[in-house]
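As structure tokens, the structure follows; a few thoughts come after it.
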Amino acid sequence: MKKLILPALLAGLLAACSSTGTFDQSGAAVEDRSGAGVATVTAPGVSGSGIAALTDPNNILSKRSVHFDFDSFVIKPEFRPLIEAHARFLVQNPQMKMLIQGNTDERGSREYNLALGQKRADAVRQALTLLGATDAQIESVSLGEEKPRCTDRSEECFAQNRRGDMLYTGEF
Amino acid sequence: MINTLNFFRLSIASLLAAFALAAQAQLSIEITGAGATRFPVAIPIFESESALPRGITDVVRADLERSGLFRLVDIGPIALPEAVVPDLAGFRSRGADAILTGSVVPLPDGRFEVRFRLYDTQKQVELGAQALRMAPQQNRVTAHRIADFVYEKLTGQPGYFATRIAYVVKAGARYELQIADADGANAQAALISREPIISPAWAPDGQRLAYVSFEAKKPIVYIHTLATGQRQVVANFKGSNSAPAWSPDGRQLAVVLTKDGLSQLYLINADGSGVRRVASSAGIDTEPAFSPDGQWIYFTSDRGGSPQIYRIPVAGGAAQRVTFEGSYNVTPRPSPDGRTLAYITRNSGRFQVATLDLASRQTMILTDSARDESPSFAPNGRMILYASESGGRGVLAAVSADGRVRQRLSVEAADVREPAWGPLPRQ
């Protein structure tokens, strides 16, 4: 706290007959919050993989999503062929890496949902590694409730959002 | 419990910074409930206040009124110079239990000195006086400091008007981490991204924020210095990195990592070194928050089957369960005095802000909304800022710790979420 810099003025105030007293805090400068207080940063984006099979709509490898039941982390039988195809691709292309993003519906805490989404991503990762893909090829992460595919508040929509997505090198 | 004694709208005049393009809109604050008894105070315009480009006393009045603890007594457009003792008995008879007088004095260097005094009209005594120096454009922050002075003298607790808040605005596919004054004015974007940003956490110094950004297609924890925009990756291990919480000394953070499997709690130094496990469970452990004394970490865990709040000694030891009522209690946030825990509870399918008195074990649900998240205490513990929903959009809301005072902050045509109330400014 700065000392009083205007002693003469203060003395004058004190001398005045019906005047007021001293200050608890005097001459303190107010902190600067003008404009430059917060610098703005723009986060960089990402670029694609270049392998035709992965984007050909007639190839099962273009399908990337595994859907889950409410409060469940178990891969349903209907997704076995998809998991097997991607495991085969990873085994035949050991240089390829995969990012698995787990997702949840929007109900509840964002951070708790992030942890629940991780369990879905891990379920997909474990299924792929059981079929021969290596741990070094796969990273499982969670997007929680942050990247819903569908934003209506309906059970159909929530079901679309409870999923694990598989991304290949160049797509993340 | 809920009084809706007062209902009016304050429009915050200042625009968001020009670079906040997509989300450019006014952040407006609506007061939807006030305390049962409010302290009547008179704040006449300061002498020579018109010498400033923008006013001070209107901002002081708005701060105090918004707190829900004060009622402004209108005494007309008179200015009372700081250097003269006002007619205290006269103001008392007009209903004011306290009166603030002030003068604005130009300084030779182009700045101004604002001198002000507060009086108790019942006891007929002066409660205190200050002189602050300000540049002409610093009217708002000066006014917040004056409002803090009045608040502290009349309530005995420090004010929170000169603090800042952080929150995330989503407009279309664009995410902005914004910083604003506690009254919503002066909003500026600290980070703009095409991917989500969650869990902002203020460093105790009020100069840095930790948060989780998904810009690299996975959750990574960053520390961001607001004044320079400098960013540092604190936790980017294989898997997800999230839920940063600062230790009270600012030297380390609790984070949630999945590098060893399920989401678990770790400590890491603020420079990203020295990662070590703090707790182990066969379930999910997340949402850590340090107790103000730094001895405990409160967190959410589903180790017992449903998500509940636990705490664990930072120095090591067994976790203790803290919440027992209900099947979904998450996001524990200790009050600044360490006596109360704010958290989110699911109550008949609705997610609401609740508090738990840690000594008496009394719980209280503070809100009647359905989608509340991310509670955050004001530095004096009187208000809790949280994310809610209104008209299908994310809004910020605040409720007093006793549930009586309520405010809503919203940005037109955008979703606002993930609020965090910053610490008191360094004096």
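The values are calculated or read from the model by the stated rules, or taken from the named source; none is laboratory data. Nothing here was measured: the structure is a model prediction, and the numbers come from that model. Positions of Cβ are generated from backbone atoms using ideal geometry, with glycine treated the same way; all protein chains shown enter the neighbour counts.
Listed values, structure above:
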{"item": "Residues located in region A:93-109, provided they are within 10 Å of another protein chain (Cβ to nearest Cβ) and assigned to a loop (DSSP other than H, G, I, E, B)", "result": "A:Glu106, A:Arg107, A:Gly108, A:Ser109"}
{"item": "Among (1) crowded, with 24+ Cβ neighbours inside 10 Å; (2) facing another protein chain (nearest Cβ under 8 Å); (3) not hydrophobic (A, V, I, L, M, F, W, C) - the single one B:Tyr119 does not satisfy", "result": "(2)"}
{"item": "Selection count, region B:383-407, where residues are of a type outside the set (S, T, N, Q) and either in the same structural domain as B:His144 (by TED's automatic domain parsing) or surrounded by fewer than 17 Cβ atoms within 10 Å (Cβ to Cβ) (or both)", "result": "4"}
{"item": "Candidates B:Thr363, B:Thr345, B:Thr355 - the one that is modelled with pLDDT of 95 or more, surrounded by fewer than 20 Cβ atoms within 10 Å (Cβ to Cβ), over 24 Å from B:Gln178 (Cβ atoms) and not hydrophobic (A, V, I, L, M, F, W, C)", "result": "B:Thr363"}
{"item": "Near pairs, Cβ below 8 angstrom, 6+ apart or cross-chain, from region B:371-384 (away from chain A (no Cβ under 14 Å) and farther than 10 Å from B:Gln157 by Cα) to any residue that is in a strand (DSSP E or B) and of a type in the set (Val, Ile, Thr)", "result": "B:Phe377/B:Ile384; B:Ala378/B:Ile384; B:Met383/B:Val399; B:Ile384/B:Val353; B:Ile384/B:Thr355; B:Ile384/B:Val399"}
{"item": "Number of the exception - B:Gln407 against (1) touching a helix residue (DSSP H, G or I) at 6+ places or on another chain (Cβ under 8 Å); (2) closer than 22 Å to B:Ile309 by Cβ", "result": "(2)"}
{"item": "Residue identified as within 26 Å of B:Val212 (Cβ to Cβ) and in the same structural domain as B:Ser247 (by TED's automatic domain parsing) among B:Ala315, B:Ala359, B:Ala319", "result": "B:Ala319"}
{"item": "Some residue of region B:230-241 being more than 21 Å from B:Arg277 (Cα to Cα) and surrounded by fewer than 16 Cβ atoms within 10 Å (Cβ to Cβ)", "result": "yes"}
{"item": "Extreme residue, surrounded by the most Cβ atoms within 10 Å (Cβ to Cβ), among residues of region B:290-321 that are of a type in the set (A, V, I, L, M, F, W, C) and closer than 15 Å to B:Leu358 by Cα", "result": "B:Phe299"}
{"item": "Test set (1) over 22 Å from A:Glu106 (Cβ atoms); (2) at pLDDT 95 or above; (3) surrounded by fewer than 23 Cβ atoms within 10 Å (Cβ to Cβ) - B:Pro196 fails condition number", "result": "(1)"}
{"item": "Selected residue [buried (at least 24 other Cβ atoms within 10 Å of the Cβ), touching a strand residue (DSSP E or B) at 6+ places or on another chain (Cβ under 9 Å), closer than 18 Å to B:Thr57 by Cβ and facing chain A (nearest Cβ under 9 Å)] from B:Val114, B:Val105", "result": "B:Val114"}
{"item": "1 or more residues in contact with a Phe, Trp or Tyr (Cβ under 6 Å, 6 or more places away or on another chain): qualifying strands (runs of 3 or more DSSP E) within region B:94-169", "result": "B:98-106, B:125-134"}
{"item": "The listed residue being surrounded by 16 or more Cβ atoms within 10 Å (Cβ to Cβ) and modelled with pLDDT of 85 or more, out of A:Lys63, A:Lys97, A:Lys76", "result": "A:Lys97"}
